[in-house]
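For reference, the structure is listed below as structure tokens.
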Amino acid sequence: MSRSDPIHRIYPEPLDHFDRLPDSLLLVVFNKIGDVKALGRCCVVSRRFHSLVPQVENVVVRVDCVISDDDCSPSSSSSDKSRAAGPFSNFLRLVFGGIVKPLLALGQFLGPKRSTLNEILNSPSSSSLSVVPGGGDDGEMDQGGVTHHSPTQVLRNFNEIRFLRIELPSGELGIDDGVLLKWRADFGSTLDNCVILGAASVVHNVHLQVSENGNDGFCTHNNGDDNGSIPESFYTNGGLKLRVVWTISSLIAASARHYLLQPIIAEHKTLDSLVLTDADGQGVLCMNRDQLEELRVKPLSASSASKRTLVPALNMRLWYAPHLELPDGVVLKGATLVAIRPSEQSASKKEVSDASWLSTAFEEPYGTAAKMLVKRRTYCLEMNSF
């Protein structure tokens, strides 16, 4: 039937205005979306969208909940149980959907069989992501009639990822209410540096008064004889022991996150930046392009005791303030900053106290807290590899 037919003149074919937009503009929109589940839904809109989504460069994977291995595999065989025996036997799977207990441990991402992005993210039987321990062939597991796919499987369908952000549902470290504990770590094939900020308690909305000595609101609530030294009570009331526990726990969490990223880094050679964080803002692991390439060329050294990267021998610097009052009214009691680098870097790297990464490691107001703490007396510590 010709276009001049009266029927076509009365009922013209609908015009799809998206057809007028170039692919480059649509990719700008998709990159602004970022979220992997939303991009999966875009895949089923049209064949054109389906062909463009794998070209997205900016991808965000948000993990909404955690399901333990025991919850998912009640009928595991005895051989499976024997392989899982040990302190890290209770692996956890990260999955989309539902509400279950917070993250207590990390398992290894395994690369499953390929499938199309829309099949993974939009089919009723496979609407979630998971982290599964060793022994699975395809990185899938069933729970309640829903098949969960590992992030490695979902991300395989993106061909040109440059900026990847993965967000866990919560921090791994269980801390008491009111306690502050934040860390940021940079890795290549091993730890490059780590900054930890902690406080025994945080008090908000404290009324600020302009100090008489004109310090622009930067007040540490010091006595006249305070020269930034750690008080004797810090050593006798368990304060130092608590900071050591914070430090070791943060390093273990960071090295576990680094370990589980291996398959993703190996498969996506276009990556320029990778960030693995959590919804609580407790810890952030960062890797830039050079660090990602270093891991591909020089495989990491794994800890013999658990599924994590071996932490090298470390040089640490510690700053402490019993009472740290920030300009916005937040008060940190027992504020502690720890800057960490491998011992082998000490001769080639600048002193950590002079490094700019200390003041930029945390968002405000905690970035200001770090700036204030490094002005106090520095204490040096060392730690063996573990």
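The values are calculated or read from the model by the stated rules, or taken from the named source; none is laboratory data. All figures in this text were calculated on a predicted structure; none of them were measured in a lab. Here the Cβ is made from the backbone with ideal geometry for all residues, glycine too, and neighbour counts use every protein chain on show. Areas reflect the complete protein model, heavy atoms only, side chains present, ligands, DNA and RNA absent. Shrake-Rupley method; radii C 1.70, N 1.55, O 1.52, S 1.80 Å.
Considering only protein heavy atoms, what per residue accessible area in square angstrom results for the range 281-386 with a 1.4 angstrom probe? Write down the numbers at each step before the final one.
Details: 4960 Å² over 106 residues.
The answer is 47 Å² per residue.
Assign one of three labels to the range 277-386, namely rounded, prolate or oblate, based on the Cα gyration tensor with a ≥ b ≥ c the square roots of its eigenvalues; rounded applies when a/c is under 1.5, prolate when it is not and a/b is larger than b/c, and oblate otherwise.
Because a/c hits 1.5 or more and a/b exceeds b/c, the range 277-386 counts as prolate.
Considering the dipole of the range 256-358 built from charges on the beta carbon (Lys and Arg +1, Asp and Glu -1) around the Cα centre, which of L300, C286, L271 is farthest to its positive end?
Most positive-ward Cα: L300.
Count the lysine pairs in the range 265-386 whose Cα atoms sit under 27 Å apart, keeping only pairs 8 or more residues apart in sequence or on different chains.
11
Which shape class applies to the range 283-326: rounded if a/c is under 1.5, otherwise prolate when a/b exceeds b/c and oblate if not, where a ≥ b ≥ c are the square roots of the Cα gyration tensor eigenvalues? Each step should come with its number before you reach the end.
Details: a/c = 2.88, a/b = 1.84, b/c = 1.56.
Prolate, because a/c is 1.5 or more and a/b exceeds b/c.
Keeping the other protein chains in place, figure out the carbon and sulfur percent of the accessible area of the range 228-386, with a 1.4 Å probe.
52
Where the accessible area of the range 13-53 is counted over protein heavy atoms with a 1.4 Å probe, how much of it, in %, is carbon and sulfur?
61
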